[in-house]
């Protein structure tokens with residue numbers, strides 16, 4: 001996978017099963033976002049293929065729901081939450097939106113699924129970061145995707161709201177049998193809900209259960225330099241290793 | 001003084017003003033949404049060079065306006081999302097276009113009235129031919145906007161997700177700028193290049209303060225644009241001051257009023273945020 005002349009990821013290979021919760025980890029610039037964008041078809045691959053639900057990945061694939069990292073919405077944005085969510089259902093179609101009863105019901109259902117009923121009728125730009133993130137999640141779910149790609153969905157949230165949102169994503173994934181690939185910086189809040197991790201570093205990728213991947217020997221090989229992994233109180237900590245130790 | 005509605009030049013002015021107000025407010029909704037106000041302003045100044053250039057070679061100013069704004073629009077549209085926050089680059093192009101316009105005016109020394117018309121508008125001097133051209137261009141642009149409405153809204157609010165859902169980014173970006181070029185070119189007839197903000201930006205920006213639904217915002221913006229244009233034309237008939245002055249003043253007054261009323265309309269919206277603040281404490 002290359003951007004311009006720079007090769008971002010090489011030899012990445014893996015699969016995600018229906019209903020599986022995969023967390024994509026790695027240092028800044030490791031290519032986590034690039035990986036998600038390649039799956040959505042936003043970036044062409046230099047070599048290899050991405051298959052989603054049995055066909056090659058392409059832009060506009062209704063099987064994929066995507067929640068990228070974004071700036072908070074403009075407070076004066078003339079758009080209500082329901083309209084923001086509805087764009088996920090029919091935003092790519094031409095014409096002026098005239099939602100029929102079926103569309104309206106589908107939008108109402110995903111809004112209920114993320115627990116946003118109480119504020120979805122208000123202006124989207126005036127909502128808190130956590131509320132906006134729930135609406136973006138509902139927008140991504142509106143098309144009933146089989147694969148949900150989430151890029152650091154909890155980045156701007158405090159611990160309490162992080163926990164709430166992650167539990168919500170896990171529940172939605174379980175109930176709808178939607179596969180999830182979630183990019184995160186810290187694996188600890190996710191240890192109880194994830195099935196597997198993909199760890200990207202040094203342009204390569206290691207996949208498996210956290211205890212198989214987040215280990216000194218595996219990560220040292222990946223980074224190409226010594227890495228220590230500590231475990232304390234059921235939490236994992238990764239740090240650059242000391243060569244003289 | 002005769003009833004203004006009985007005079008042909010006044011009828012032309014009201015009709016052209018109506019088409020232009022509707023087009024300007026609709027295009028303006030997306031200009032505000034996409035954060036392109038300054039680009040729209042610059043496009044008008046690029047049009048100034050086109051209009052003065054056309055006068056210099058003896059062509060109708062509208063032709064020069066369209067040619068130059070279309071060219072500018074194509075370049076800006078091609079840059080697309082990269083245009084956001086490029087105020088300095090836009091400003092330098094704007095200044096260059098104004099300089100070019102100044103040169104054309106110096107070379108063409110006969111009528112100072114032409115200059116005044118391009119800078120501040122000549123709605124009371126619109127001919128039947130101008131009216132027909134304006135109506136055709138306006139109708140085409142509004143139909144195109146209606147067709148592109150939903151994907152353009154998606155792309156404006158959420159570019160990354162829209163692109164991933166297959167919305168044709170570059171096509172819509174260039175296409176929208178072409179529509180903006182048309183709107184700017186016809187709006188120059190009413191308010192001139194210097195006051196283009198009053199028709200394209202002021203009505204939708206005002207409407208945004210008062211509602212949060214896209215369709216209501218556009219309807220309200222059209223209503224405000226029509227009100228301001230009609231009132232401006234009528235006042236200019238009775239008081240010998242420029243139409244542009246009246247329209248700009250009314251637009252400014254209504255904008256101020258909307259900003260003042262804004263907190264009243266949005267009181268209930270700040271409540272959820274307050275609850276969360278309490279949550280964290």
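Quick notes on this one:
- Residue A:157 vs. criteria farther than 20 Å from residue A:87 by Cβ, more than 13 Å from the chain's Cα centre (by Cα) and assigned to a loop (DSSP other than H, G, I, E, B): yes
- Among the residues making up the stretch A:114-148, those that are assigned to a helix (DSSP H, G or I) and either out of contact with any strand residue (DSSP E or B) (no Cβ under 7 Å at 6 or more places or on another chain) or over 29 Å from residue A:51 (Cβ atoms) (or both) are A:124, A:125, A:126, A:129, A:130, A:131, A:132, A:133, A:134, A:135, A:138, A:139.
- Flag for residue A:77 being out of contact with any strand residue (DSSP E or B) (no Cβ under 6 Å at 6 or more places or on another chain), touching a residue at least 40 places away in the same chain (Cβ under 8 Å) and surrounded by 15 or more Cβ atoms within 10 Å (Cβ to Cβ): yes
- Tally of residues being surrounded by fewer than 24 Cβ atoms within 10 Å (Cβ to Cβ) and closer than 18 Å to residue B:66 by Cα across the stretch B:10-44: 2
- Some residue of the stretch B:220-240 being surrounded by fewer than 24 Cβ atoms within 10 Å (Cβ to Cβ), under 26 Å from residue B:64 (Cα atoms) and more than 14 Å from the chain's Cα centre (by Cα): yes
- Enumeration of residues in the stretch B:160-173 that are crowded, with 19+ Cβ neighbours inside 10 Å, assigned to a helix (DSSP H, G or I) and in contact with a helix residue (DSSP H, G or I) (Cβ under 6 Å, 6 or more places away or on another chain): B:162, B:163, B:164, B:172, B:173
- Condition met for residue A:180 (part of a helix (DSSP H, G or I) and either away from chain B (no Cβ under 14 Å) or over 16 Å from the mean Cα position of the chain (by Cα) (or both)): no
- Residue A:31 being on the phi > 0 side of the Ramachandran plot, buried (at least 20 other Cβ atoms within 10 Å of the Cβ) and facing chain B (nearest Cβ under 9 Å): no
- Subset of the stretch B:45-69 (residues that are in a helix (DSSP H, G or I) and surrounded by fewer than 20 Cβ atoms within 10 Å (Cβ to Cβ)): B:56, B:63, B:67
- Of all residues in the stretch A:58-106, those satisfying the criterion of being assigned to a helix (DSSP H, G or I) and either more than 21 Å from the chain's Cα centre (by Cα) or at the interface with chain B (Cβ under 9 Å from one of its Cβ atoms) (or both) are A:82, A:83, A:84, A:87, A:88, A:90, A:101, A:102, A:103, A:104, A:105, A:106.
- Among the helices (runs of 4 or more DSSP H) confined to the stretch B:184-244, the ones with at least 2 residues that are closer than 22 Å to residue B:10 by Cβ and more than 14 Å from chain A (Cβ to nearest Cβ) are located at B:196-200, B:214-238.
- The residues of the stretch B:131-149 that are out of contact with any helix residue (DSSP H, G or I) (no Cβ under 7 Å at 6 or more places or on another chain) and either more than 7 Å from every other protein chain (Cβ to nearest Cβ) or surrounded by 23 or more Cβ atoms within 10 Å (Cβ to Cβ) (or both), listed by number, are B:132, B:136, B:139, B:140, B:143.
- Residues of the stretch A:149-172 classified as more than 11 Å from chain B (Cβ to nearest Cβ), in contact with a strand residue (DSSP E or B) (Cβ under 7 Å, 6 or more places away or on another chain) and surrounded by fewer than 22 Cβ atoms within 10 Å (Cβ to Cβ), total: 2
- Within the stretch A:100-124, the residues that satisfy the criterion of being surrounded by 13 or more Cβ atoms within 10 Å (Cβ to Cβ) and more than 21 Å from residue A:164 (Cα to Cα) are A:103, A:104, A:106, A:107, A:121, A:122, A:123.
- Test: residue B:172 is free of Cβ contacts under 8 Å to residues at least 40 places away in the same chain, over 16 Å from the mean Cα position of the chain (by Cα) and within 26 Å of residue B:94 (Cα to Cα): yes
- Test: residue in the stretch B:184-195 that is in contact (Cβ under 8 Å) with a residue 24 or more places away in the chain and either surrounded by fewer than 22 Cβ atoms within 10 Å (Cβ to Cβ) or more than 17 Å from the chain's Cα centre (by Cα) (or both): yes
- Checking each residue in the stretch B:107-136 for being farther than 13 Å from residue B:189 by Cα, at pLDDT below 85 and in a helix (DSSP H, G or I) picks out B:112, B:113.
The values are calculated or read from the model by the stated rules, or taken from the named source; none is laboratory data. None of the values given here were measured: they were computed from a predicted structure. Note: ideal-geometry Cβ built from the backbone for every residue, glycine included; neighbour counts use all protein chains shown.
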